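The values are calculated or read from the model by the stated rules, or taken from the named source; none is laboratory data. Keep in mind the model is a prediction, meaning the values are calculated, not measured. Cβ placement follows ideal geometry from the backbone for every residue including glycine, while neighbour counts extend to all protein chains displayed.
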Amino acid sequence: MTFKLQQYYLFILVLILGCSFTVKGQTQNGASLLFDESIAGDATPLLLETLKNLDNENIKVLKFKKGIYHFYPDKALERYTQVANHNSSVVKTAFPIFDRHDLTIDGQGSTFIFHGLIIPFSIENSSNIRIKNVSIDWGMSFHSEGIIVANNLEQKTFDMKISKDYPYEIRKGQLVFIKEYYEHSIGQSILFDPETRATAFHTEAYTSLTTKSKTATQSNVDAIKYKYPVDLRSPDYAKIGIEDKLTAEQLEPGLIRIYGHTKKIPEVGKVVVMKGEQGYNRFAPAFHITFSSDVSFNNIDVHHACGMGLIAENTKNISIDNFNVTPSQGRIISTTADATHFVGCSGKIEIKNCLFSSQLDDAVNVHGIYQQITEILGDHKVAIKVGHFQQQGFTIGKQNDKIGIVNLQKSFFATEEMTLKAVEKINGRYQVISFNEVLPRSLKVGDYIENLDAYPELLVQNCRIINNRARGLLLSTPRKIVIENSFFSTEMEAILAPVESGYWYESGSVLDLTIRNNIFQDCATGGQNKGVIRFETDNESDHIAFENILISNNVFNQFDNLIVEANNVNMLEFVGNTINDSKNHESLYPDNPAIMVNHSRNLLFKNNQFSGKATEILRKDKMSSNIILK
């Protein structure tokens, strides 16, 4: 072959390599792959095939031509899935990102509409994953809505108008909503105001609807004895001793009368949001991340999910920017649980420029997991029990992670430390944990273990948290936390720092928290007697649980009195804040002070401007000391 001919063939090869390759539904250009709307009817099959062959093709970027794409579970990847704070079940996923590295998925402004029980994005054992420019929604929602059009306070009935968006049937007096691949009863419910699009004022007086009562007839049920403790809240046991209380009657198609509610009867014009029974209504978060690192989300809208918008477990370094959880399609709510949730994560979590609106639980929850020691199996090994049924299968950490031993009767902090050698999962509840070191002599059955390495730093910046049920931020990490330049208007506390050891078993404590330059607008409207910012433990103890708190230069526009509730706190400064009477509602608890302090010490309140309703600024118990109000 002559030199000129060689040059010619080389030129042709370079030309070919530089060109795009097109097959049905996708176009490849180097390391980038573009999907087009020819697959929009059900993009799942081609997407799965593409993900399976990414390594062979050396693809690093998946793009979608801007459009609306549907994803169905019928041809999605199916696996038995255990997701923290969700139900364990066989669930399918459309984007199984398993053992992937340096991958970008760019929707380019597309909307992805999912159908039925399917997890849109499942990210496992992966790193450097970037997802951007996409909206997530469901064709049919996992919740249902009914507007109150009439009530009878004497007969204690109310009538709901239910639109065609929420198909239903009545089975022996029980209202059941029918979805694609799913159904739910009334179950957990809450009242919303259609004018404000927020939870109704004092909704706790009206909802949840009292759907259950104690069973009237039993025989020898009390004689059943379990060898081991059982979780009576789990779906396996939750129906024992409980029967249906509410009954439903159809007056005409789309108009339902409800009988048997024993709280206050909902007002005409309000909207009841219903999502089914607890333990049966969290199956499909929009994003699930586990045992991964360096995951980022940019320009994401999550309009709905059966559970959380984003749930991350055992993952290091997560960044979300312009990640918005908002309703769509005329619905009054977005996700049926938290907007975002982080369990056993590490590194740094950054949450910037986000809107979390109208979800049926908290905006952000960051914590670890307590696991209780049930047996001591040798010098290096213990057995543990996972406490809450929706934490089943959770892995406390990886090899050589630092594990703390916690006895809450003695301290809220670890009294001994060891390093993890291995975790053997026998089943979802029961695991065997081995350590590199000999177990300390002080260890005993009933103690908790927590992963001291599995707590992240947290930044929440320029965010807006509004119109949701429950809290704004739940903070349980001892690493540095900064909450700044954000807006809060929530049904319960705006910011809650808990030590929670007996229900969800969510471990962690706050030891370095700054809350600055935020606006708090009419929080705690639901009716629970709690402060806007609250530090709380579920363990009756005078031990210190929280330290090094700075709350500065915030504005509280509040209808009610209680602003800060400090329990078991050491070293808190509340400085330069402004407290105003919003005058938007009547006080629910007019006898409360603005600041309530229990079992705390070394608290300073100075240079604050107060024009609220409270006639008492500070109330403290006898156990608290060195509390200065200037």
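For the range 463-491, give me each residue that is outside any strand (DSSP E or B) and under 15 Å from the mean Cα position of the chain (by Cα).
ARG469, ALA470, ARG471, GLY472, SER476
Going by what's in this entry, would PHE201 be described as in a strand (DSSP E or B) and not assigned by TED's automatic domain parsing to the domain that holds GLN391?
So PHE201 does not fit the description; no.
So LEU77 ticks every box in (1) of a type outside the set (Lys, Arg); (2) in contact with a Pro (Cβ under 8 Å, 6 or more places away or on another chain); (3) free of Cβ contacts under 8 Å to residues at least 24 places away in the same chain but one. Which box is left unticked?
Result: LEU77 passes all but (3).
If you go through the range 144-173, how many residues are in a strand (DSSP E or B), out of contact with any Phe, Trp or Tyr (no Cβ under 6 Å at 6 or more places or on another chain) and over 16 Å from ASN281 (Cβ atoms)?
12
Can you give me the number of residues within the range 25-80 that are closer than 18 Å to SER110 by Cβ, part of a strand (DSSP E or B) and aromatic (Phe, Trp, Tyr)?
Qualifying residue count for the region: 4.
Considering only residues that are exposed (fewer than 14 other Cβ atoms within 10 Å of the Cβ) and either in contact with an Asp or Glu (Cβ under 7 Å, 6 or more places away or on another chain) or touching a residue at least 40 places away in the same chain (Cβ under 8 Å) (or both), which ones fall in the range 165-179?
ASP165, ILE170, GLY173, ILE178
What single numbered condition from (1) touching an Asp or Glu at 6+ places or on another chain (Cβ under 8 Å); (2) of a type in the set (S, T, N, Q); (3) modelled with pLDDT of 95 or more fails to hold for GLN26?
Of everything listed in (1) touching an Asp or Glu at 6+ places or on another chain (Cβ under 8 Å); (2) of a type in the set (S, T, N, Q); (3) modelled with pLDDT of 95 or more, GLN26 misses just condition (3).
Test GLN188 against the stated conditions and say whether it is polar (S, T, N, Q), surrounded by fewer than 15 Cβ atoms within 10 Å (Cβ to Cβ) and on the phi < 0 side of the Ramachandran plot.
no
Only one of these is under 21 Å from the mean Cα position of the chain (by Cα), at pLDDT below 95 and within 26 Å of ASN53 (Cβ to Cβ): THR93, THR81. Name it.
After ruling out the rest, the residue left standing is THR81.
Taking the range 389-411, which residues are buried (at least 20 other Cβ atoms within 10 Å of the Cβ), part of a loop (DSSP other than H, G, I, E, B) and modelled with pLDDT under 95?
GLN392, LEU408 - these are the residues of the range 389-411 that are buried (at least 20 other Cβ atoms within 10 Å of the Cβ), part of a loop (DSSP other than H, G, I, E, B) and modelled with pLDDT under 95.
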